[in-house]
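A short write-up of the structure that comes next.
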Amino acid sequence: MQHDDAVWNLLSQNFCSFKVKTRTNTFCKHEYNVTGLCSRQACPLANSRYATILEREGRCVMYIKTIERAHMPNRLWEKIKLPSNYTKALEIVDERMQYWPKFLVHKAKQRLTKITQYLIRKRRLKLRAKTRLVGINKKVRSFCLIQIGLLERALSYTSTW
């Protein structure tokens with residue numbers, strides 16, 4: 001059985017490898033954290049019921065942690081691939097998180113929106129043709145210009161004969 005309050009007390013007062021302190025805030029580098037802030041509500045380690053949405057290989061994936069899976073660390077997070085259609089993905093999030101805390105539902109939907117917009121921009125940029133800038137070495141360029149000048153001079157001499 002997992003005791004969320006005991007875990008949070010240890011993480012908040014003692015050492016957490018994901019915690020980053022600044023002058024103003026305390027941030028969390030954990031991949032599954034929904035806000036990026038180190039707080040009791042947003043900590044994936046200190047909550048036995050937790051859900052987040054991540055991008056994997058160009059698709060949105062919903063990760064759900066439930067207390068029933070706590071005895072199997074390798075299967076602790078249930079992975080649900082969300083459809084690429086935004087409205088259908090929102091319906092699945094609503095359906096799967098129906099009785100969850102409003103904070104987690106709201107943050108999961110925010111992440112879904114952000115990741116969907118990111119994937120749309122990524123696809124759009126991939127379709128657009130990019131002009132590629134290539135650097136030219138100054139020595140090589142001057143050598144080529146000299147060679148071209150010499151060739152032109154040689155051609156002019158041969159044409160006058």
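The values are calculated or read from the model by the stated rules, or taken from the named source; none is laboratory data. Everything numeric in this text was worked out from a predicted model, so none of it was measured. Glycine also receives a Cβ, built like all others from the backbone with ideal geometry; neighbour counts cover every protein chain displayed. To get the accessible areas, we keep the full protein, side chains included, count just its heavy atoms, and leave off ligands, DNA and RNA. Shrake-Rupley method; radii C 1.70, N 1.55, O 1.52, S 1.80 Å.
Screening LYS130 with (1) farther than 15 Å from TYR86 by Cβ; (2) at pLDDT 85 or above gives one miss only, at (2). Taking the numbered list (1) assigned to a loop (DSSP other than H, G, I, E, B); (2) in contact (Cβ under 8 Å) with a residue 12 or more places away in the chain; (3) open to solvent by 100 Å² or more (accessible area, probe 1.4 Å) in turn, LEU45 passes all entries but (3). Checked against (1) on the phi > 0 side of the Ramachandran plot; (2) without any contact (Cβ under 8 Å) to a residue 40 or more places away in the chain, GLY58 passes all but a single condition, namely (2). Residue pairs whose Cβ atoms lie under 6 Å apart, separated by 6 or more positions or on different chains, with the first residue in segment 2-16 and within 8 Å of ALA46 (Cα to Cα) and the second exposed (fewer than 10 other Cβ atoms within 10 Å of the Cβ) and not hydroxyl-bearing (Ser, Thr, Tyr), do not occur.
Every condition in (1) surrounded by 14 or more Cβ atoms within 10 Å (Cβ to Cβ); (2) farther than 18 Å from ASN33 by Cβ holds for ILE115 except the one numbered (2). Among the residues of segment 78-105, the ones that are within 19 Å of VAL34 (Cα to Cα), out of contact with any helix residue (DSSP H, G or I) (no Cβ under 8 Å at 6 or more places or on another chain) and not in a helix (DSSP H, G or I) come to 6 in all.
The residue of segment 118-161 that is farthest from MET62 (Cα to Cα), among those that are in a loop (DSSP other than H, G, I, E, B) and open to solvent by 100 Å² or more (accessible area, probe 1.4 Å), is TRP161. Of the residues that sit in segment 48-65 and are within 28 Å of LEU125 (Cα to Cα) and in contact with a Leu (Cβ under 8 Å, 6 or more places away or on another chain), which one is most open to solvent (accessible area, probe 1.4 Å)? Filtering first and then ranking leaves ARG59. Considering only segment 6-32, state which residues are of a type in the set (D, E, K, R) and either in contact with a strand residue (DSSP E or B) (Cβ under 9 Å, 6 or more places away or on another chain) or assigned to a strand (DSSP E or B) (or both). Within segment 6-32, LYS19, LYS21, LYS29, GLU31 meet the criteria. When segment 66-111 is limited to residues that are exposed (fewer than 14 other Cβ atoms within 10 Å of the Cβ) and in contact with a strand residue (DSSP E or B) (Cβ under 6 Å, 6 or more places away or on another chain), the one that is modelled with the highest pLDDT turns out to be LYS81.
Please work out if GLU31 is at positive phi, among the charged types (D, E, K, R) and open to solvent by 30 Å² or more (accessible area, probe 1.4 Å). Criteria not met by GLU31.
Within 29 Å of ASP5 (Cβ to Cβ), modelled with pLDDT under 95 and either outside any helix (DSSP H, G or I) or small (Gly, Ala, Ser) (or both): does that describe GLU55? So GLU55 does not fit the description; no.
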